[in-house]
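> Here it is, the structure, as structure tokens.
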Amino acid sequence: MNLKQTASRLLRYLAPQKKGLSAGVVCFFLSAAIEPAVPALLKKLLDSGFKADLGFPLWLVPVVLIGLFAVRGLLAFSGTYLFNWSTSKAVLALRTDLIRSVMNADASLYNRLSPGVLASRIINDPQNATASLSGAVTTILRDGTTLLALLGYLFYLNWKLTLVTFVTMPLLGYVVRKVQKRVLAVGGQSYESQVRLVGITDDITRAWRVVRTFDAAEFEQGRFSQEAQRLRRMVLKGVAAGATMTPLTQIVASIGVALILTMALVEAHQGNATVGEFVGFITAMLMTISPMRHLTDVSQPIIGGLIGARACFDLMDTPPEPDHGTRQVDPAQCRGEVRFEQVVVTYPGSEQSALSRLDLEIPAGRTVALVGPSGAGKTTVISTLLGFVAPASGRVTLDGIDIQEIRKASLRRQFAVVSQDIVLFDGPIADNVAYAQPKDAARIEACLRAANLWDFVQTLPEGLETPIGTNGSRLSGGQRQRLAIARALYKDAKVWVFDEATSALDTESERVVQQSIEQWHGEKTLVLIAHRLSTVRNADRIYVLSDGRVVEAGTHAELMERGGLYAGMVQAQALE
């Protein structure tokens, strides 16, 4: 997407705010219309003010002068405020669309960009882009209208001299175009370097325990410093490229000013202009220098803003998660029967299949366990069941319906999952238990009791309203896991999936949680994934996976009697 397309797309977000923007433009034009009144007042004073008969009260001069500046200042403030009010609404709309795109994006996005980079692009890029562009447009309107008003007054005073100003315009345009190309090239490199630096910072702050455990502070410091130095060089190059704009344009403009001033002095000496006309013309001409200088400085923020906006739209255009399903499943009618029929799953870039013609049967209301060595495909089974991974062949059904035919949101509504990678949200305990659902204090308490966490909550001064910190940083590992279990219980879905859900619990807590889960036997379909095989002894059926396929299936007693892979795993853990 080039910058022209980016600007056109950004205008769509500003279009709904056209009333506020139009009012701001009117304020700028009215402010600019007052600008020529200052040199006109000087002309009047010099031509008439030094005569015996003034023709107007003397006190009127300071009143009019102060009034002109006050009205101009008020109009300029109003225009700036209206413009920023309008663009802030556009920023809100842009951020809302960005977070919607990210939440619906294909999983590849999260493999490509770190959470810190995504947060920066959603929060900072829209604000920085619109702030830069808003400031630049404000400058163009404020100083552009002022310049036009002054040029109009100059034409009124002496159109011949004013035409000389346009002699330097082609040269000025050439200089601006050359500098802009350089600013654009360096600006893109600077933005990419900044994104990489955000990613490094996110790694360091997110994995600080690993950094300290491996004594890698110096290594990470070097990695950060190297990228920070690269960013500094890119920023300086951008500043240098942008800074050349002002002196070059001023030199070109000075050629026109010198010609005009010389010709004005010649006309004054020839008696073709009064002192008042001469001073008024020179004053108005000198007043054009400031807005011209400001206008030549707007190219860098405009380019920088468009680069940021382009990054926003690139993120917004990330392909959404494929969802070809058309059917909805009523949670009240869902039985929770799951089947895998000859399912093959192969991850991109991998030659070996994660699931190889896998057959599984999970009857409704039964407890099924998936066990096996690491890499056997247990987690892939859950990812496929939730629609995060699409099978290359075969099919997965829920109550006899192919999950490819079910809308993703409707499918996932039937599952409550506790993953081995616990994810909690910064906020009170109650909000985490009743996540995204209406809060019911009695249900929250019941779920916390079932997860063996209620006694701990009662010891806290704020109870259920106690903040848990970022990802539960104020809780221990076991408390975090029990809170995640309580959240899954609160969802009250038909199928519960526990992926190493009790791995961080002590034996007593694990026993309590297991007893709570077993209370739902017959009512909920339970899928247990565990390395600790003591947690799956009471499952109705145990599937032993290896290399993406089922190699053994049966109850604990049946599998122990066979003396196969499962029996060997149990014996090995018993020895440990």
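> For residues that are in a loop (DSSP other than H, G, I, E, B) and either of a type in the set (D, E, K, R) or touching a Cys at 6+ places or on another chain (Cβ under 9 Å) (or both), scanning just region 547-576, find the one that is surrounded by the fewest Cβ atoms within 10 Å (Cβ to Cβ).
Of everything passing the filter in region 547-576, GLU576 is surrounded by the fewest Cβ atoms within 10 Å (Cβ to Cβ).
> Continuing with the same structure: Go through region 187-218 and give me each residue that's surrounded by 13 or more Cβ atoms within 10 Å (Cβ to Cβ) and free of Cβ contacts under 8 Å to residues at least 40 places away in the same chain.
Hits for region 187-218 are GLU192, GLN194, ARG196, LEU197, ILE200, ILE204, ALA207, VAL211, ALA216.
> When region 1-17 is examined, which residues are found to be farther than 17 Å from GLY135 by Cα and either in contact with a strand residue (DSSP E or B) (Cβ under 9 Å, 6 or more places away or on another chain) or in contact (Cβ under 8 Å) with a residue 24 or more places away in the chain (or both)?
Listed by number, the residues that qualify are MET1, LEU3, THR6, ARG9, PRO16.
> May I pose another question? One residue is enough: does region 84-94 have a residue meeting the conditions under 30 Å from ALA409 (Cα atoms) and either at pLDDT below 80 or acidic (Asp, Glu) (or both)?
No, every residue in region 84-94 fails to be under 30 Å from ALA409 (Cα atoms) and either at pLDDT below 80 or acidic (Asp, Glu) (or both).
> Could you grab me the full set of residues in region 334-382 that are assigned to a helix (DSSP H, G or I) and polar (S, T, N, Q)?
Those that are assigned to a helix (DSSP H, G or I) and polar (S, T, N, Q): THR379, THR380.
> I've got another one for you. Across region 59-111, what is the total count of residues that are under 17 Å from LEU133 (Cα atoms), among the aliphatic types (A, V, I, L, M) and without any contact (Cβ under 8 Å) to a residue 60 or more places away in the chain?
So the answer is 2.
> Something else now. Please pick out the residue among LEU133, LEU141, LEU98, LEU118 that is in contact with a Phe, Trp or Tyr (Cβ under 6 Å, 6 or more places away or on another chain) and surrounded by 19 or more Cβ atoms within 10 Å (Cβ to Cβ).
Of the residues listed, the single one that is in contact with a Phe, Trp or Tyr (Cβ under 6 Å, 6 or more places away or on another chain) and surrounded by 19 or more Cβ atoms within 10 Å (Cβ to Cβ) is LEU141.
> For TYR153, are the conditions met, namely being exposed (fewer than 15 other Cβ atoms within 10 Å of the Cβ) and in a helix (DSSP H, G or I)?
Answer is no for this residue.
> Go through (1) surrounded by fewer than 18 Cβ atoms within 10 Å (Cβ to Cβ); (2) touching a helix residue (DSSP H, G or I) at 6+ places or on another chain (Cβ under 9 Å) and name the single condition GLY478 misses.
(1)
> Which residue is farthest from GLY365 (Cα to Cα), if the candidates are limited to region 472-494 and must be of a type in the set (D, E, K, R) and assigned to a helix (DSSP H, G or I)?
The selected residue is ARG480.
> Is it the case that region 292-310 has a residue that's closer than 30 Å to ALA107 by Cα, modelled with pLDDT of 85 or more and assigned to a loop (DSSP other than H, G, I, E, B)?
no
> Next up: Evaluate the following for VAL239: is it among the β-branched types (Val, Ile, Thr), at pLDDT 70 or above and surrounded by 15 or more Cβ atoms within 10 Å (Cβ to Cβ)?
no
> Could you tell me whether LEU306 is over 21 Å from GLY394 (Cα atoms) and surrounded by fewer than 15 Cβ atoms within 10 Å (Cβ to Cβ)?
Spelling it out, it is not the case that LEU306 is over 21 Å from GLY394 (Cα atoms) and surrounded by fewer than 15 Cβ atoms within 10 Å (Cβ to Cβ).
> For ARG395, state whether it is under 22 Å from ASP330 (Cα atoms), among the charged types (D, E, K, R) and crowded, with 17+ Cβ neighbours inside 10 Å.
no
> Among the residues of region 383-431, write down those that are in a loop (DSSP other than H, G, I, E, B), in contact (Cβ under 8 Å) with a residue 24 or more places away in the chain and among the charged types (D, E, K, R).
Matches in region 383-431: ASP399, ARG407, ARG413, ASP426.
> If I ask for residues that are of a type in the set (D, E, K, R), within 30 Å of PRO348 (Cα to Cα) and part of a helix (DSSP H, G or I), which ones from region 65-123 would you list?
ASP97, ARG100, ARG112, ARG121, listed by residue number.
> Moving to a separate point now. Checking ASN452 against (1) part of a loop (DSSP other than H, G, I, E, B); (2) under 27 Å from the mean Cα position of the chain (by Cα), only one condition comes out false. Which one?
So ASN452 meets the others, but not (2).
> Give the residues of region 202-229 that are at pLDDT 80 or above, among the aromatic types (Phe, Trp, Tyr) and either over 19 Å from GLU192 (Cα atoms) or touching a Pro at 6+ places or on another chain (Cβ under 6 Å) (or both), sorted by residue number.
PHE219
> For residues that are within 12 Å of VAL183 (Cβ to Cβ), free of Cβ contacts under 8 Å to residues at least 12 places away in the same chain and among the hydroxyl-bearing types (Ser, Thr, Tyr), tally how many sit in region 219-249.
Qualifying residue count, region 219-249: 0.
> Restricting the search to region 57-81, which residues are more than 15 Å from ALA33 (Cα to Cα), surrounded by 13 or more Cβ atoms within 10 Å (Cβ to Cβ) and either touching a Phe, Trp or Tyr at 6+ places or on another chain (Cβ under 7 Å) or at pLDDT below 70 (or both)?
VAL61
> Tally the residues that are surrounded by fewer than 16 Cβ atoms within 10 Å (Cβ to Cβ), farther than 16 Å from THR283 by Cβ and at pLDDT below 85, restricting the search to region 26-51.
Final tally of qualifying residues: 3.
The values are calculated or read from the model by the stated rules, or taken from the named source; none is laboratory data. Treat the numbers as computed from the prediction; the structure is a model and nothing was measured. All Cβ positions, glycine included, derive from the backbone under ideal geometry; neighbour counts span all protein chains shown.
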